[in-house]
2 protein chains.
Amino acid sequence: MRTGDSTTVDVPQSSAVPKGKATLVTVAKQKGGWKRGVAIFDFILRLGAIVAALAAASMMGTSDETLPFFTQFFQFQASYDDLPTFQFFVIAMGIVGGYLVLSLPFSIVSIVRPHAIGPRLLLLILDTVALTLNTSAAAAAAAIVYLAHNGNSNTNWLAICQQFGDFCQKVSGAVVASFVSVVVFVFLILLSALAIRKL
Amino acid sequence: MRTGDSTTVDVPQSSAVPKGKATLVTVAKQKGGWKRGVAIFDFILRLGAIVAALAAASMMGTSDETLPFFTQFFQFQASYDDLPTFQFFVIAMGIVGGYLVLSLPFSIVSIVRPHAIGPRLLLLILDTVALTLNTSAAAAAAAIVYLAHNGNSNTNWLAICQQFGDFCQKVSGAVVASFVSVVVFVFLILLSALAIRKL
């Protein structure tokens, strides 16, 4: 909060300097501009999160691999359907992506009316819930992907990625995309918190 | 925000009613009381989260079971060390519990000075990060526990809970405790968000 070179940082300082009415009007405009900038950044972050969440859901949803050899009774195939955790991942990331699309209008309201607290508070509360859903899907899928890559000798769970390499690569990509979306959500919550406090 | 019977709800309405200085002082005190009540509730929730987080960490950390039979070369034993996800769980829940203990002084500052924004904003930001850590630990462990209970026929991962029943029960209890702590964190963030907005 110390005085810097940028015009956005030294707003609290300059409001204490008495220079007549013109300065105060400028300060008020700068305050609004700061909040509007946060709202625009919020909107851009939301677009990024939509891309990440839907990419994660679709990458996981289209991940299946059939091996090019088969026995008389059995064909070797891996799909996200085989593991309940991956099914949960697809559903959860779909919900998160849908929520993010529906939250865009509220973000636009914040840009148009930078001082309105209501939409920001609503977004903060819903973002927290969506963050929890997104994190749980990403972490659960990551635990299973780790197991698929490395296996576990103590429990006799064998690594399946030696056979299903392409499947594992797609699933890992989906997990990475969902963690990108988690990081964006954390930043969205921090931005909302900074914007709704008293100035 | 409509006028109700309770004194805490109709504060914004009554502040618009001109009844002299005495009313305004009462309103200001009521506002402070509302924020102080939120801060006290925040403190109590934090105590509950500490109990849940440390219970989860210690329950997982002490979970090992040795079966009462053994071969010449091998003794059947299960411990949280055997699975990297459970090791991550113990470390993450320990960090979350430690953070919660360290956050208590800031919560007390919020009780003593109900209108201070700084400590609440700090707690909101750190709570969001701790929520992410807590949720990822809980979800990853839940995915593995589900696998241990049910196994997965597609990947030939067998359920180990038939052999290690006590181990599985303790681990499941730890996962439940960590999800309790996740829910408490979500409420803590909502309370902080309500408290730091403009009144």
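The values are calculated or read from the model by the stated rules, or taken from the named source; none is laboratory data. Just so it is clear, the structure is predicted and the values come from calculations on it, not from any experiment. Ideal geometry is used to build each Cβ from the backbone, glycine not excepted, and the neighbour counts take in all protein chains shown. Note: areas computed on protein heavy atoms with side chains; ligands, DNA, RNA excluded. Shrake-Rupley method; radii C 1.70, N 1.55, O 1.52, S 1.80 Å.
Please compute, for peptide A:152-160, the average count of beta-carbon atoms on other protein chains lying within 10 Å of each residue's beta-carbon.
Per residue, the average neighbour count from other chains is 6.
Which of the trypsin sites (Lys or Arg not before Pro) found in the stretch B:96-199 are loop residues per DSSP with 10 or fewer other Cβ atoms within 10 Å of their Cβ?
Numbers: sites: B:Arg120, B:Lys170, B:Arg197, B:Lys198; in loops: B:Lys198.
Qualifying residues, ordered by number: B:Lys198.
Please list, in order along the stretch B:37-52, the HN-Hα scalar couplings obtained from phi with the Karplus expression 6.51 cos²θ - 1.76 cosθ + 1.60 (θ = phi - 60°), rounded to whole Hz, x for Gly and Pro.
x, 4, 5, 5, 4, 4, 4, 5, 4, 4, 4, x, 5, 4, 4, 5
Tell me, what is the percent relative contact order of the stretch A:65-165, built from C-alpha pairs under 8 Å that lie six or more residues apart?
Numbers: 66 pairs, mean separation 25.0, N = 101.
With pairs under 8 Å counted, the relative contact order is 25 percent.
Suppose each label sits 7 Å from its Cα in the direction of the beta carbon; what would the B:Val112-A:Ala116 distance come out to in nanometres?
Calculated label separation equals 4.0 nm.
What FRET efficiency, computed as 1/(1 + (r/R0)^6) with R0 = 30 Å and r the Cβ-Cβ distance, is obtained for A:Leu158 and A:Ile91, rounded to the nearest 0.05?
Details: r = 27 Å, r/R0 = 0.91.
According to the calculation, E is roughly 0.65.
So with the 1.4 Å probe, I'd like the accessible area per residue for the stretch B:82-190, rounded to whole Å².
On the way: 4270 Å² over 109 residues.
Ligands and nucleic acids excluded, the figure is 39 Å² per residue.
Once you have a ≥ b ≥ c as the square roots of the Cα gyration tensor eigenvalues for the stretch A:52-127, tell me rounded if a/c is under 1.5, and otherwise prolate or oblate according to whether a/b is larger than b/c.
Numbers: a/c = 7.74, a/b = 4.10, b/c = 1.89.
Prolate is the answer for the stretch A:52-127, as a/c is 1.5 or above and a/b outweighs b/c.
If you split all Cα-Cα distances of the stretch A:41-197 into 5 Å bins from zero, what percentages do you get per bin, shortest first?
Spelled out bin by bin, the stretch A:41-197 gives 1, 9, 18, 18, 14, 11, 9, 7, 5, 4, 2, 1, 0, 0 percent.
Quote the FRET efficiency, to the nearest 0.05, computed for A:Asn150 versus B:Leu190 with a Förster distance R0 of 45 Å and r equal to the Cβ-Cβ distance. Display every interim value, and only then the final one.
Numbers: r = 38 Å, r/R0 = 0.85.
So the FRET efficiency works out to roughly 0.75.
Hey, any idea what % of the stretch B:141-190's accessible area is carbon plus sulfur with a 1.4 Å probe?
Working: 1310 of 2160 Å².
So the carbon and sulfur contribution to the accessible surface is 61 percent.
For the stretch B:93-146, what value does the Rg/Rh ratio take when both radii are computed over Cα atoms and Rh is the Kirkwood radius, given to two decimals? Before the final figure, lay out each step's value.
Details: Rg = 14.1 Å, Rh = 12.4 Å.
Radius of gyration over Kirkwood radius for the stretch B:93-146 works out to 1.14.
Please compute the average number of Cβ atoms from other chains found within 10 Å of each residue's Cβ in peptide A:120-128.
Working: counts 2, 5, 0, 0, 8, 5, 0, 3, 11.
Per residue, the number of nearby Cβ atoms from other chains is 4 on average.
For A:Gln162, place a label point 7 Å from Cα along the Cα-to-Cβ direction in every copy; what are the distances to the other copies, in nm, shortest first?
Taking the point 7 Å beyond Cα along Cα→Cβ, the inter-copy spacings are 2.5 nm.
With θ set to phi - 60° and the Karplus curve 6.51 cos²θ - 1.76 cosθ + 1.60, what are the ³J(HN,Hα) couplings of the stretch B:184-192 in order, to the nearest whole Hz, using x for Gly and Pro?
Values, residue by residue: 4, 4, 4, 5, 4, 5, 4, 4, 4 Hz.
Using only protein heavy atoms and a 1.4 angstrom probe, determine the accessible area buried between B and A, summed over both sides, in Å² to the nearest 100. Present the calculation step by step, with values, prior to reporting the outcome.
On the way: alone 11610 and 11610 Å², together 19910 Å².
Between B and A, the summed buried area is about 3300 Å².
Once you have a ≥ b ≥ c as the square roots of the Cα gyration tensor eigenvalues for the stretch B:142-191, tell me rounded if a/c is under 1.5, and otherwise prolate or oblate according to whether a/b is larger than b/c. Don't skip to the answer; put the middle values down first.
Working: a/c = 7.25, a/b = 2.24, b/c = 3.24.
Verdict is oblate for the stretch B:142-191.
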